[in-house]
Protein chains: 2
Amino acid sequence: MTHEVITSVQNPQIKRLHQLLERKGREGQGRFLIEGAHLVEEALKSGAEVLTILYDSERDMDTACRRALENHPQDVQVIAASSAVLAKLSETKTPQGIVAEVKKYQADWNEWLKARATASEDLLLLLLDEIQDPGNLGTILRTAEAAGVDGVVLGKGSVDLYNGKVMRSTMGALFRLPVFTRSLPDVADEWKAMGGSLLVSTLHEKSMAYDRVDYVPKTAIVIGNEGRGVSAAMIERADQLVHIPIYGQAESLNAAVAAGVFVYEAQRKRKE
Amino acid sequence: MTHEVITSVQNPQIKRLHQLLERKGREGQGRFLIEGAHLVEEALKSGAEVLTILYDSERDMDTACRRALENHPQDVQVIAASSAVLAKLSETKTPQGIVAEVKKYQADWNEWLKARATASEDLLLLLLDEIQDPGNLGTILRTAEAAGVDGVVLGKGSVDLYNGKVMRSTMGALFRLPVFTRSLPDVADEWKAMGGSLLVSTLHEKSMAYDRVDYVPKTAIVIGNEGRGVSAAMIERADQLVHIPIYGQAESLNAAVAAGVFVYEAQRKRKE
């Protein structure tokens, strides 16, 4: 653990970290930023590769974060910095006085799937087809982790998983849940090849009510884009089209609410 | 229908409308602003008291809005304005070129309740205890309307119902759903006095899983603040504490997702 104090927003390391606020910078560097004591603590405790922590030198580092840092096996560069520096790396109105730089990591999809292909237990996957709103994506990951979903796959054309607002909305779920970024039609084909069933959420006339569906043993649920719904490529591959009934005059449910209703119904049915 | 063109952000009417972007202004004037063609159309079609519509003179007014306006029984002041004026009244990054001023309206709670006290049908209410995030509140209202909830009561200390982000997240549900702003403990007492049961969402050890609860015939579900949960005054009044199980390591669900899982389970049980 090393200690420095940085007060200039022109510092080269700060300028490099600042690039992580943009998708291009995150993709170039293979790293991302998280903000706030709760997320930093979750990252440290989950064994994520935390490279750097910056905290506001005018405020103490959060106690729970400090404890998690002491128990963290890897070397983390800890930097005290001015409020101005923290503000430059913050995307929130009231900066929380702590940010961390984390290395991107995803488990290997093929290995992950292969390990589970032969297992006898139930599996529940959530496939997200071009979710655009970062708050929705983060809330879906938070919900999936809470509901005990086994994994989430993010299709192409989605909002960046490592977007700051996604991270804040997850409440740390990304660090505890396998999340993959893959071509969804490919994933659907691989999933079906190993005997998994594919439920696609859409308000199509042939769609079955979510509470009449069988969710066992290996089920993937596809949730579509906020405006356009699920793509034709995924609808084609569906074993069953499914929907949540709308009793009012609303055109649809919010994507995160729909995901929540689906995955909790799946778990309820499995435990019946 | 009158026509004017306004190009100055210093115009007194624009300055007055601009005050509606703040809670204080909305409370002083008893009016609020909505933004975007979809919301304006919903307001017009639902019979809300739309006082003024401003649209960007460099863009045509949305066709569906124009049609809804033609069928609207009341006189609406329609103003063509410059993009700069529209931007001044917008809270979004990409102004949608149309905003409307709407008069606040709430049905009378006591009358509403009395009319339903003697009815034999099931009733489902959602009581919101200090929901703070405008996106959450809007999404809860959207979900409640979609799920066929009969009414929503917003307790004291909540984010302002007429906040712009609440409005945008509702997708127009406020115009189709009875929403009341009341003291929640009073509402709970009145509800119970007419034989309604009160379910309070909390992860207390005596709390029952949401899918084991009986939701008929007259049920109110209380959803708490994002951080602190439900207030002691409401827990005291509960007929039953209820919760949605967390299978992962998350501390809680997002408030709008929790509301969605509860109300859809209530409807599922009622239709069994």
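The values are calculated or read from the model by the stated rules, or taken from the named source; none is laboratory data. Quantities reported herein were computed from a predicted structural model and do not represent experimental measurements. Cβ sites come from the backbone with ideal geometry, for glycine too, and all protein chains shown count toward neighbours.
In this structure, is B:Ala68 under 30 Å from B:Leu123 (Cβ atoms), out of contact with any Pro (no Cβ under 7 Å at 6 or more places or on another chain) and not assigned by TED's automatic domain parsing to the domain that holds B:Leu126?
no
Among the residues of the range B:164-183, count how many are more than 20 Å from B:Gly260 (Cα to Cα) and in a helix (DSSP H, G or I).
1
So for the range A:185-193 (the condition being more than 30 Å from A:Gly47 (Cα to Cα), within 11 Å of chain B (Cβ to nearest Cβ) and surrounded by fewer than 22 Cβ atoms within 10 Å (Cβ to Cβ)), does at least one residue qualify?
No, the range A:185-193 has no match at all.
Mind telling me which of the residues B:Gly157, B:Gly195, B:Gly229, B:Gly172 ends up being in contact with a His (Cβ under 7 Å, 6 or more places away or on another chain) and at positive phi?
Step by step, each of B:Gly157, B:Gly195, B:Gly229, B:Gly172 is checked, and only B:Gly172 is in contact with a His (Cβ under 7 Å, 6 or more places away or on another chain) and at positive phi.
Looking at B:Asp133, B:Asp211, B:Asp189, B:Asp150 in this structure, which one is touching a residue at least 60 places away in the same chain (Cβ under 8 Å) and at negative phi?
B:Asp133
Residues in the range B:76-86: is at least one touching a Pro at 6+ places or on another chain (Cβ under 9 Å) and without any contact (Cβ under 8 Å) to a residue 40 or more places away in the chain?
yes
State the number of residues belonging to the range B:141-164 that are in contact with a Ser or Thr (Cβ under 9 Å, 6 or more places away or on another chain) and either within 14 Å of chain A (Cβ to nearest Cβ) or among the hydrophobic types (A, V, I, L, M, F, W, C) (or both).
8
Quick test for you: out of B:Ile34, B:Ile79, pick the one residue that is more than 17 Å from the chain's Cα centre (by Cα), crowded, with 16+ Cβ neighbours inside 10 Å and not polar (S, T, N, Q).
Unique residue meeting the criteria: B:Ile79.
So how many residues does the range A:124-136 have that are within 14 Å of another protein chain (Cβ to nearest Cβ) and either touching a strand residue (DSSP E or B) at 6+ places or on another chain (Cβ under 7 Å) or among the small types (Gly, Ala, Ser) (or both)?
4
Name, by its number, the condition in (1) within 14 Å of chain B (Cβ to nearest Cβ); (2) modelled with pLDDT under 95; (3) more than 19 Å from A:Asn254 (Cβ to Cβ); (4) surrounded by fewer than 22 Cβ atoms within 10 Å (Cβ to Cβ) that does not hold for A:Gly172.
(4)
Scan B:Val230, B:Val261 and give me the residue that is in contact with a Phe, Trp or Tyr (Cβ under 9 Å, 6 or more places away or on another chain) and either outside the structural domain of B:Thr170 (by TED's automatic domain parsing) or of a type in the set (A, V, I, L, M) (or both).
None of the others qualify; the one that does is B:Val261.
Could you check, for the range B:21-37, whether at least one of its residues is among the hydrophobic types (A, V, I, L, M, F, W, C), closer than 24 Å to B:Ala107 by Cα and at pLDDT below 95?
The answer is no; no qualifying residue exists.
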